[in-house]
Every structure is written in C-alpha cells, then in structure tokens.
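Below is one structure, written out as structure tokens; the observations come after it.
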Amino acid sequence: MTRFEFAPGTVGMMVEDEDVARLDAANAVLRATVREVRDAMGGVSPDEVHAELVRLLADRVGTGFVVRDADLRADAEAISEGTLFG
C-alpha cells in the first residue's frame, strides 16, 4: 500500500531500545492512517492531503517516530490522483 514504513535505524528512539512491538504498532498506525486518508481525500489537492497525513500521524504515532516528508508527499500525490492502492 504505502511505499514506506518505520524501520530500525530510521526512527530515533527505536534504534536504542529495539522495541519491536512498538515499531510494529507504529507501522500499523501508519498504514491505517494512509488508508483512511486515501479513502476520504481522493481528488483533493496534494497539499491538503499531505497536511492531513502530517496532522493525523503526529496525533496518532507519538514521539520517537519520524516519517520522511518526501515519502508522505509522494503518497499525498498518489492519493490525490487516485493511484494509491492496497
């Protein structure tokens, strides 16, 4: 579905504690949030989609996780165009 996930070595605190359950939970939230935004915002401008992704993920994922903005923008473009599936 989305082209990226949080991975060890890219998520700050996770590198230190290697809390796999926490990483898995963050990835599940990431995937669910992208799906939710995809289903609600197809055809909306990429900038609006991106802003909603950023807002929701900040609220849902918590500290210690950082999503690459380039990946969020790419997904926002695909959501806007209706080409993100999965």
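Would it be correct to say that Thr83 is modelled with pLDDT of 90 or more and outside any loop (DSSP other than H, G, I, E, B)? Working first, answer last.
Numbers: modelled with pLDDT of 90 or more: yes; outside any loop (DSSP other than H, G, I, E, B): no.
When the stated conditions are applied, Thr83 does not pass them.
Counting just the residues of the stretch 57-80 that are among the acidic types (Asp, Glu) and free of Cβ contacts under 8 Å to residues at least 24 places away in the same chain, which one comes out farthest from Asp39 (Cα to Cα)?
So in the stretch 57-80, the residues among the acidic types (Asp, Glu) come out as 59, 69, 71, 75, 77.
Pick out the ones that are also free of Cβ contacts under 8 Å to residues at least 24 places away in the same chain and you get 59, 69.
On the way: Asp59: 19, Asp69: 20 Å.
My answer is Asp69.
What tally of residues in the stretch 33-70 results from selecting those that are assigned to a helix (DSSP H, G or I) and surrounded by 15 or more Cβ atoms within 10 Å (Cβ to Cβ)?
Of the residues in the stretch 33-70, 15 are assigned to a helix (DSSP H, G or I) and surrounded by 15 or more Cβ atoms within 10 Å (Cβ to Cβ).
The values are calculated or read from the model by the stated rules, or taken from the named source; none is laboratory data. Since the model is a prediction, treat every value here as computed from it, not as a measurement. As a convention, Cβ positions derive from the backbone with ideal geometry for all residues, glycine included, and neighbour counts pool all protein chains shown.
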